[in-house]
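The values are calculated or read from the model by the stated rules, or taken from the named source; none is laboratory data. A quick note: this is a predicted structure, and the numbers were derived from the prediction, not measured. Quick reminder, even Gly has a Cβ in these numbers, built from the backbone with ideal geometry, and neighbours come from all protein chains shown. We work out accessible area using only protein heavy atoms, side chains counted, and drop any ligands, DNA or RNA first. Shrake-Rupley method; radii C 1.70, N 1.55, O 1.52, S 1.80 Å.
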Amino acid sequence: MAFLAYYVIMVVLLFTVRRMFRLSGELFRKLFHISVAASVFVLLHMFQTWYLAALAALGFGVVVYFVMGFAERYPSIMRALEERKPGEVRSSLLLMFFTIAALIALGWGWLGPTSKYMVIVPIMAWGFGDAAAALVGKRWGRRHLRGRWVDNKKTAEGTWAMFAFAAAAILVTLIGYTAWPWYVDLTVAVLVAPVAAFTELVTRDGLDTITVPFATFAALLVVTQALALMGVV
């Protein structure tokens, strides 16, 4: 019930803030994405076992998928959610909850309860980094990046914003969830954030919801294991 209550409160709060401050559609979209990403904190602190938390995320994702399918019958609702194309909202939400469930299984279930930061870091890096990339890229982006594997809609300014905000999110999460010295947290953030930024840059069709968190998890695992072998953490 706490998980459902979180979303009820979040939706009411977002629409209230949007009305009060007349937020742009893009800013509202990204605040919505960050709110969904932040629900991982509820899952990690509400459940005592990783598999119940993962099942809750999956189950909620499936329910939301069908609820949003019903909501698509009412165009006014989807316009309010700033949907860009039919089915975008429900598919992105399903992918997000699948990603959260998988990361809970890996970071908490596989690595153990002392490694919950391995779940939160990838989600926060995606949530804040992707939001910054979109907002900065659309508002101040001037230099479009070109390349065979690059999404040509992306800009250098947006990618730098992705790196900076992902690094900040990683740093804050590590400070809050580990007992490592601040300079170790900063080192990990600086080493992992470029992977998140590069993955967002080359991902197309909105699939960064799944590619960025998993790529960040992999990079974080490699970096922390290397630091552990060196006796740093």
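In segment 178-233, how many residues are assigned to a helix (DSSP H, G or I), in contact with a Lys or Arg (Cβ under 9 Å, 6 or more places away or on another chain) and not acidic (D, E)?
2
I want to confirm something. Restricting to segment 183-196 and keeping residues that are of a type outside the set (V, I, T) and open to solvent by 10 Å² or more (accessible area, probe 1.4 Å), which single residue is nearest to V232 (Cα to Cα)?
Once the filter is applied, the top-ranked residue is Y183.
Among the aliphatic types (A, V, I, L, M), within 23 Å of P194 (Cα to Cα) and buried (at least 18 other Cβ atoms within 10 Å of the Cβ): is that true of A101 in this structure?
No; evaluated as a whole, the condition is false for this residue.
Contact list please: Cβ distance under 6 Å, first residue in segment 24-39 and touching a residue at least 40 places away in the same chain (Cβ under 8 Å) and part of a helix (DSSP H, G or I), second residue open to solvent by 20 Å² or more (accessible area, probe 1.4 Å) and among the acidic types (D, E), pairs at least six apart or on different chains.
Taking only residues 6 or more apart or on different chains, the pairs are G25/E82; F28/E82; R29/E82.
Where in segment 41-120 are there helices (runs of 4 or more DSSP H), lying wholly inside it, with at least 2 residues that are without any contact (Cβ under 8 Å) to a residue 12 or more places away in the chain?
So the answer is 50-71, 75-80.
Here are T173, T203, T199, T224: which of them is without any contact (Cβ under 8 Å) to a residue 24 or more places away in the chain, touching a helix residue (DSSP H, G or I) at 6+ places or on another chain (Cβ under 9 Å) and surrounded by 19 or more Cβ atoms within 10 Å (Cβ to Cβ)?
So the residue among T173, T203, T199, T224 that is without any contact (Cβ under 8 Å) to a residue 24 or more places away in the chain, touching a helix residue (DSSP H, G or I) at 6+ places or on another chain (Cβ under 9 Å) and surrounded by 19 or more Cβ atoms within 10 Å (Cβ to Cβ) is T199.
One residue is enough: does segment 47-55 have a residue meeting the conditions modelled with pLDDT under 95 and either of a type in the set (K, R) or open to solvent by 30 Å² or more (accessible area, probe 1.4 Å) (or both)?
Yes: segment 47-55 contains one or more residues that are modelled with pLDDT under 95 and either of a type in the set (K, R) or open to solvent by 30 Å² or more (accessible area, probe 1.4 Å) (or both).
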